[in-house]
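K.L.:
This is the structure, below, for whatever I ask next.
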Amino acid sequence: MPTQQDLNDPVDENRALQATESKIAIAGHPLHAMLVAFPIALTMSVLGADLLYWWTADAFWARAAGWATFGAFLMGVIAGITGTIELLMVQGIRNRSASWTHFILAVMLLSVLGANWGVRVGDYEAAVLPLGLLISVLAAGLTAVTGWHGGKLVFDYQIGTKLSHPRPGTEP
Ligand code: HEM
């Protein structure tokens, strides 16, 4: 009967798989984590502004939603670029399937954010009901899933984090 110590952990065996420390960082603080707050907050703000436009018919909210969709898309792309560089550069991040799941979710989200902005260019007010609002609901849902999954990468899989002490038996 093998004991816990006899079992091989493929991650523990491969030092490169453990190299998950963020490289796109300022003094060890990942830029991606700092940037994602913007698309998350702006996407939720767009949904709020669309609902307020529906409720009040005040053009101010449609205009606010129009600018917020642009900000959400722009900041989402910038955050996505930092995340993608991290994904491609850091072997331990690249080697984990969860990172690629997050990438696929994020790219779907970025396309929806782009579409939400695109439909509003030209006539931001006419675009809100019903198409803009429907895209905003979809964008908010995808943001929640992508953001939750990003947190899972960090808090469950320690992706982007530094090993302060090498795991036993894996010292270089
Ligand atoms: C487009 C490609 C993207 C890639 C390749 C990517 C990759 C990553 C990676 C590797 C991490 C782990 C932390 C790090 O190394 O910085 C992470 C964390 C995270 N990502 Fe992304 N990401 C992308 C886009 C997005 C977008 C658009 C969002 C917005 C919802 C997002 C939300 C998050 C969140 C909330 C975390 C956790 C941050 C923390 O708590 O430290 N990501 N992502």
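K.L.:
Could you grab me the full set of residues in the range 126-140 that are loosely packed, with under 14 Cβ neighbours inside 10 Å and small (G, A, S)?
P.N.:
Correct list: A126 only.
K.L.:
A further question follows. Scanning the range 36-62 for residues that are in contact (Cβ under 8 Å) with a residue 60 or more places away in the chain and within 16 Å of the ligand (Cβ to nearest atom), which turns out surrounded by the fewest Cβ atoms within 10 Å (Cβ to Cβ)?
P.N.:
M44
K.L.:
Here's a follow-up. Could you please find all residues in the range 63-90 being away from the ligand (no atom under 12 Å from the Cβ) and among the polar types (S, T, N, Q)?
P.N.:
T69
K.L.:
Tell me whether the range 57-65 contains one or more residues that are outside any helix (DSSP H, G or I) and either more than 29 Å from I159 (Cβ to Cβ) or under 13 Å from the mean Cα position of the chain (by Cα) (or both).
P.N.:
yes
K.L.:
Quickly run through the range 70-92 and pick out the residues that are modelled with pLDDT of 95 or more and touching a Leu at 6+ places or on another chain (Cβ under 8 Å).
P.N.:
G71, A72, F73, M75, G76, V77, I78, A79, G80, T82, listed by residue number.
K.L.:
Taking only the range 114-149 into account, find how many residues are touching a residue at least 60 places away in the same chain (Cβ under 8 Å), assigned to a helix (DSSP H, G or I) and more than 13 Å from the ligand (Cβ to nearest atom).
P.N.:
Number satisfying all stated conditions: 7.
K.L.:
Which residues, taken from the range 150-172, are touching a Lys or Arg at 6+ places or on another chain (Cβ under 8 Å), among the hydroxyl-bearing types (S, T, Y) and either modelled with pLDDT of 95 or more or more than 16 Å from the ligand (Cβ to nearest atom) (or both)?
P.N.:
T170
K.L.:
Another one. Could you check the range 59-111 and list, in sequence order, the residues that are among the aromatic types (F, W, Y) and in contact with a helix residue (DSSP H, G or I) (Cβ under 7 Å, 6 or more places away or on another chain)?
P.N.:
W61, F70, F73, F103 - these are the residues of the range 59-111 that are among the aromatic types (F, W, Y) and in contact with a helix residue (DSSP H, G or I) (Cβ under 7 Å, 6 or more places away or on another chain).
The values are calculated or read from the model by the stated rules, or taken from the named source; none is laboratory data. This is a predicted model, so every value here is computed, not measured. Cβ coordinates were reconstructed from backbone atoms using ideal geometry, including for glycine residues, and neighbour counts include every protein chain displayed.
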